[in-house]
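Working notes, structure below.
Here, each number is a calculation from the coordinates, and none is a lab measurement. Because the structure is a prediction, the values reported are computed rather than measured. Positions of Cβ are generated from backbone atoms using ideal geometry, with glycine treated the same way; all protein chains shown enter the neighbour counts.
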Amino acid sequence: MKYLEYEIEELIPIVIRLAEKYTSKESTSITYEAAAHLMEAVQYCIREYVQEEQETDKEGEADRQMPEVSKKKVPAELAYERGYQIVLEKVDCVRRMYHVILPNFKSYDNENYKDTFEKGIPAFLRYYNPRFAPQDPVITMDYPVLWSMEQLQGVDAVEKYVEAIRLEQRFLGKLPDEYVRRTLEEYQYDYERQFFNICNIVLRGILRRMMGENVPEPEHLERAIEGYLRILVKEQYKDSKDLLRYLREDVKDFCVELKQR
């Protein structure tokens with residue numbers, strides 16, 4: 001289903017009302033930069049609403065028995081407010097996910113991992129402004145996860161980021177702490193101060209041991225590594241599809257590393 005885009009004239013009244021809240025009605029004007037930022041905030045929330053509607057439609061396509069009835073275009077103000085509520089729900093999701101992970105979180109002495117999760121995520125929850133700057137994630141998320149975060153903004157970026165850390169913690173938590181630390185130290189003696197992903201280093205070590213001396217030919221390498229990864233997840237992680245999808249993000253880079261040796 002196609003969702004019609006809103007004309008700029010439909011968004012300006014929302015921005016004006018948002019500007020009044022922004023200045024607490026103490027000023028009749030704001031800077032061009034502030035107005036542009038508020039326009040981005042409005043567009044971000046509307047996009048949240050449209051994306052959720054599109055996802056809902058896709059989920060219902062398989063069960064749809066009657067011919068599709070085209071939906072009326074929701075007024076921009078309503079789309080914005082619904083999108084704003086979605087943003088709030090995602091912030092709450094981040095908060096709940098964070099507090100589930102925190103009690104058992106292990107950084108394995110990597111300072112960047114520890115600081116990003118234990119200081120960065122609370123900073124997001126404290127300073128994120130869903131009304132006036134929902135597109136701004138507030139924090140830099142210095143610890144690199146396997147997922148690309150380049151196309152994401154605001155709470156969408158942070159929600160996916162925390163989900164990545166949740167999956168990493170599940171993967172690493174199954175292994176003895178000493179094994180993880182030893183693997184990281186063998187990779188780089190001062191791993192505690194490095195800004196790299198520790199999950200893929202440990203994963204690659206496990207996959208190398210599974211392959212042993214039987215490293216496949218380059219043309220079969222990616223398929224073989226994916227096979228070993230599937231076995232690992234199936235046998236040790238209850239065949240978790242979410243974890244498999246996440247760890248697969250490193251397969252291509254791992255292949256490149258092996259081919260260069």
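A compact globular protein would have a Cα radius of gyration near 2.2 N^0.38 Å; the ratio found for the chain is 1.25. Residue separation of Tyr32 and Val100 scaled by 0.36 nm, minus their Cα-Cα distance, works out to 20.3 nm of gained length. Each peptide in 220-229, 156-165 was scored by the mean count of other Cβ atoms within 10 Å over its residues; highest first, the order is 156-165, 220-229. Taking each residue as 0.36 nm, the span from Lys21 to Ile8 lengthens on full extension beyond its C-alpha to C-alpha distance by 2.7 nm.
Pairs over the 31 Å Cα-Cα cut-off, from the set Lys174/Lys259; Lys21/Lys58; Lys25/Lys90; Lys58/Lys174; Lys25/Lys58; Lys114/Lys241: Lys21/Lys58; Lys58/Lys174; Lys25/Lys58. Cβ crowding within 10 Å, taken as a proxy for footprinting-reagent exposure, orders Lys241, Lys234 from fewest neighbours to most as Lys241, Lys234. Look at where the Cα atoms of the range 146-195 and of the range 205-233 average out, and the two centres are 21 Å apart.
Count Lys and Arg as plus one, Asp and Glu as minus one, and take only other residues whose Cβ is under 12 Å from that of Pro13; the net charge is then -4. For the chain, the membrane-span-like helix rule (DSSP H, alpha carbon extent of at least 18 Å along the helix axis, mean Kyte-Doolittle at least -0.5) picks out 8-22, 76-101, 154-173, 198-211; this says nothing about an actual membrane. For the range 71-207, the relative contact order works out to 28 percent when only alpha carbon pairs closer than 8 Å and six or more residues apart are counted.
What percent does the relative contact order of the chain come to when contacts are Cα pairs within less than 8 Å and at least six residues apart? Reported as a whole number, the value is 16 percent.
Taking the fewest neighbouring Cβ atoms within 10 Å as the starting point, the ordered list for Glu81, Glu213 is Glu213, Glu81.
Pair-distance distribution of the range 116-261: all C-alpha pairs, bin width 10 Å, starting at 0; shares per bin in whole percent are 10, 35, 34, 16, 5, 0. For the range 175-259, relative contact order (Cα pairs under 8 Å, six or more residues apart, normalised by length) works out to 24 percent. Residues Leu38, Leu152, arranged from fewest to most other Cβ atoms within 10 angstrom of their Cβ, appear as Leu152, Leu38. By the scheme Lys and Arg +1, Asp and Glu -1, what is the net charge of all other residues having a beta-carbon under 12 Å from that of Tyr179? Spelling it out: positives minus negatives among the neighbours equals 0. Helical runs (DSSP H, four residues minimum) scored at -39500 (n - 2.57) apiece and divided by the length of the chain put the mean residue ellipticity at 222 nm at -20500 deg cm²/dmol. I need the fraction of alpha carbon pairs in the range 175-259 separated by more than 14 Å, rounded to a whole percent. The share of Cα pairs beyond 14 Å in the range 175-259 comes to 66 percent.
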